[in-house]
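Report on the following structure.
The values are calculated or read from the model by the stated rules, or taken from the named source; none is laboratory data. Note that the coordinates shown come from a computational prediction; the quantities given were computed from them, not determined experimentally. Note that we place each Cβ from the backbone using ideal geometry, even for glycine, and neighbour counts take in every protein chain shown. When the accessible area is computed, the model is the full protein with side chains, heavy atoms only, and any ligands, DNA or RNA have been set aside. Shrake-Rupley method; radii C 1.70, N 1.55, O 1.52, S 1.80 Å.
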Amino acid sequence: MDDLRLGLLLNAVSPAVGGVLVRGEKGTAKSTMVRALAGLLPSIATVAGCRFACDPASPDAQCPDGPHSDEGAAERPAFLVELPVGVSEDRVVGSLDLERALAEGVKAYEPGLLAKAHRGVLYIDEVNLLQDHLVDLLLDAAAMGRSYVEREGVSVRHAARFLLVGTMNPEEGELRPQLLDRFGLTVEIAATRDADERAEVVRRRLAYDADPAGFAASWDERERELAERIGAARELLPSVELSDLALRQITAVCAAFEVDGLRADIVMARTAVALAAWAGRTEVLEEDVRKAAQLALPHRRRRNPFDAPGLDQEQLDRTLAEHQEPDGEGPDDEGPGDGPGDGPGDGPGDGGNGPDGGGSPAPSDPNSPAQEASSEAPPAPPQQRPGGSRESSPVASEHPYRTRLFKVDGTGRGAQGRRSPAETDAGHTVRARRPQGRLTRLHLSATLRAAAPHQVARGRAGRALVLRRDDLREQVRRGRESNLVLFVVDASGSMAARQRMTAVKGAVLSLLMDAYQRRDKIGMVTFRGSGAELALPPTSSVEVGAARLEQLPTGGRTPLEAGLLRAHEVLRVERLRDPDRRALLVVVTDGRATGTRDAVARSHRAAGLLAAQGVAAVVLDCESGPVRLGLARELAAHLNGDAVSLDELRAEGVAALVREARTAMTSTATTSTTSTTSTTRKAA
């Protein structure tokens with residue numbers, strides 16, 4: 001928890017650091033830690049009566065409650081505003097009373113949560129579950145320090161500078177890399193495994209439950225001291241010097257870790273300065289640069305959606321050592337440690353500091369590529385299973401590639417995503433309708449057409465349009481939704497050939513990456529041996545799906561019917577939980593079925609059961625070899641779905657086929673034209 005405390009305190013000292021993303025397992029007091037920050041922040045002075053917390057010393061010239069002159073000042077605590085996962089866009093940025101705006105020509109604006117969080121903390125619990133367009137809106141406001149509200153030609157702008165803090169459980173899915181990059185710092189936390197520390201946590205919790213007021217009072221003095229230290233660090237911050245050496249170390253580290261863009265360099269510099277101020281120094285030291293890298297870089301190093309954030313500590317040590325300041329001694333000066341193997345910074349007091357400034361380097365990150373490589377073991381030989389069938393150990397998958405787009409037919413109403421057509425809050429307007437609930441997106445032309453025939457009857461006398469609530473029309477927007485992509489993977493002995501399973505896992509991994517990019521939920525059913533199991537319940541964490549896929553062993557019989565029936569049950573339960581989210585079934589098999597004489601026929605009947613429910617399906621045909629039975633395509637016909645081979649799955653392969661067809665058509669047309677010209681000349 002030390003990194004979490006430090007990350008929050010550094011942002012309290014310097015909000016320009018850019019906020020904190022807290023990643024951790026459930027039950028680790030992430031929310032408790034963040035909420036406790038509000039009590040440590042210095043109080044703020046605001047213009048009396050201003051709903052947007054304008055600073056009396058420099059009021060916002062564009063404040064909707066302005067212009068401010070001599071309204072006076074008021075002192076209040078900085079707010080911590082919590083953003084619910086299911087919040088609407090209007091609640092975030094505020095809303096306009098469109099009926100008054102049209103009928104009276106006034107900007108009746110109601111501030112949203114961004115206005116309330118101005119000069120305070122905006123806290124988003126489970127930020128990875130927030131809808132993408134809301135996350136984009138929040139992070140844009142955090143980056144620019146201003147919120148924009150645009151409604152039918154009416155614009156409102158106000159200051160929105162806040163400390164952005166998000167918490168998430170990685171098991172429920174990751175944020176997109178470009179959104180991760182907008183958080184200044186990230187910290188990974190986990191519950192302690194030390195029995196004494198756990199006992200102390202329980203003891204304090206029980207004491208709080210017994211006497212909340214008394215427990216809080218016992219910590220008042222320490223909290224007051226911490227708040228005073230934050231205030232002192234804020235005052236010291238402008239005096240901290242970032243030397244050229246420290247700046248070169250920062251940029252060298254960012255270049256060595258190949259982070260994208262320059263935001264990481266800027267965040268590291270601000271963090272290092274805040275660390276120095278927090279320590280009561282006016283100079284940035286190497287230990288500040290080291291700690292800033294550990295907080296600002298791990299989440300910016302992901303090259304693949306399935307990569308876990310991490311930082312190679314040994315590489316960090318090497319980079320800092322290469323850019324240390326010389327000792328001031330000449331290279332020929334004698335010393336007990338001089339020699340060809342001694343580099344700069346080998347002397348006492350130079351470099352080699354761990355994250356806490358101690359004398360030992362930080363341990364290497366278990367998620368680093370070097371650690372992963374060293375932990376790989378050679379594949380185990382096939383094991384004998386009861387009944388005589390042999391089980392193969394998991395094999396690695398091919399490198400993922402871009403796949404064709406598979407989507408669900410029709411128009412849905414699910415959560416906003418990037419796969420299937422749907423009516424969504426974001427997208428292009430396709431028609432108008434009467435408001436269903438509170439009006440949020442006015443369709444202006446449709447509203448005017450509805451009101452126009454009644455103006456005489458309503459006694460319109462001036463230029464103002466006489467509107468009634470029944471005239472209002474709202475926009476219906478067409479966009480794309482996310483779906484539940486349920487994989488049904490054949491892990492039987494017929495798929496166990498290593499080269500074949502490597503290609504199959506690569507195909508499924510590619511589809512998982514596609515699901516990640518299109519904001520889908522995913523689930524996985526596997527079947528082999530005597531039955532089927534739900535290897536991964538439907539979740540937003542595509543990373544967990546990729547991990548389960550890599551660990552998938554193969555062998556045994558092919559109970560295809562059991563796999564399809566298990567998929568049917570999973571989809572039935574999910575329809576009850578989330579009726580608006582449509583499903584896409586992806587069956588990965590060669591179509592073979594074993595167990596009984598009529599196993600294939602039984603699997604076809606199970607497929608018909610899914611087809612009767614209207615489930616959209618795709619069969620990934622894994623059959624290979626010169627002789628093919630076409631069983632996968634028969635299965636696709638019973639599912640009322642499409643059958644796609646591994647070669648046809650690649651988007652590049654489809655593009656190549658189109659190019660070849662166009663080339664053939666062009667060649668045919670050219671040959672035909674040449675032949676016609678030759679015939680004409682001969683006739684002449």
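Report the FRET efficiency, 1/(1 + (r/R0)^6), for T411 and A216, where r is their Cβ-Cβ distance and R0 is 45 Å, rounded to 0.05.
Details: r = 53 Å, r/R0 = 1.18.
My answer for the efficiency is 0.25.
Consider a paramagnetic label point 7 Å from the Cα of E200 along Cα→Cβ; state which residues of segment 1-23 have an amide N under 19 Å from it.
Of the residues in segment 1-23, 1-7 have backbone N under 19 Å from the label point off E200.
To the nearest µm²/s, what D does Stokes-Einstein give for segment 410-481 at 25 °C and 0.890 mPa s, using the Kirkwood radius over alpha carbon pairs as Rh?
Result for D is 180 µm²/s.
I want to check the label-to-label distance for R605 and R433. Put each point 7 Å from Cα in the C-beta direction and report it in nm to one decimal.
4.1
What area, in nm² and to one decimal, does the C-alpha convex hull of segment 449-504 cast on average over all directions?
On the way: hull surface 32.4 nm².
Averaging across all directions leaves 8.1 nm² for the Cα convex hull.
Answer rounded, prolate or oblate for segment 214-309, using the Cα gyration tensor with square roots of eigenvalues a ≥ b ≥ c: rounded when a/c is under 1.5, else prolate when a/b is larger than b/c, else oblate.
Here segment 214-309 falls in the oblate category.
Of all trypsin sites (Lys or Arg not before Pro) in segment 551-619, which ones are in loop regions per DSSP and have a Cβ with at most 12 other Cβ atoms within 10 Å?
Of the trypsin sites (Lys or Arg not before Pro), the ones in loops of segment 551-619 whose Cβ has at most 12 other Cβ atoms within 10 Å are R597.
Would you tell me the accessible area of T32, worked out with a 1.4 angstrom probe on the heavy atoms of the protein chains, in Å² to the nearest 10?
90
Give me the distance between the Cα centres of segment 526-591 and segment 1-59, rounded to whole Å.
For segment 526-591 versus segment 1-59, the Cα centre distance is 42 Å.
Stokes-Einstein at 4 °C, 1.567 mPa s, Kirkwood radius from Cα pairs: D for segment 1-151 in µm² s⁻¹?
76
Would you calculate the convex hull of the Cα atoms in segment 116-227 and tell me its volume per residue in Å³?
178
Residue by residue, what Karplus-based ³J(HN,Hα) values in Hz, rounded to whole numbers, does segment 403-411 have, using 6.51, -1.76 and 1.60 with θ = phi - 60° and x for Gly and Pro?
Once rounded to whole Hz, the list reads 10, 5, 8, 10, 9, 8, 5, x, 10.
Which of the pairs K30/K291; K30/K521; K407/K505; K30/K116; K116/K521 have their Cα atoms more than 27 Å apart in this structure?
From K30/K291; K30/K521; K407/K505; K30/K116; K116/K521, over 27 Å: K116/K521.
With a cut-off of 15 Å, note down the residues of segment 250-267 whose backbone N falls inside the zone around a label point 7 Å from the Cα of A143 toward its beta carbon.
Correct set: 260-267.
Take the Cα pairs of segment 497-627, get the Kirkwood Rh, then feed it into Stokes-Einstein at 25 °C and 0.890 mPa s and tell me D in µm²/s. Walk me through the numbers on the way to the answer.
Details: Rh = 15.5 Å.
It comes out at roughly 158 µm²/s.
Within segment 440-481, what residues put their amide N at less than 20 Å from the label point 7 Å along the Cα-to-Cβ vector of D425?
440-444, 473-481
If you take the charge dipole of segment 116-181 about its Cα centre, with +1 on Lys and Arg Cβ and -1 on Asp and Glu Cβ, which of A141, S155, L129 is farthest toward its positive end?
Looking along the dipole axis, the top candidate is S155.
What Kirkwood hydrodynamic radius do you get for segment 554-615 when you take the inverse of the mean 1/r over all pairs of distinct Cα atoms, in Å?
Working: mean 1/r = 0.0796 Å⁻¹.
Kirkwood hydrodynamic radius for segment 554-615: 12.6 Å.
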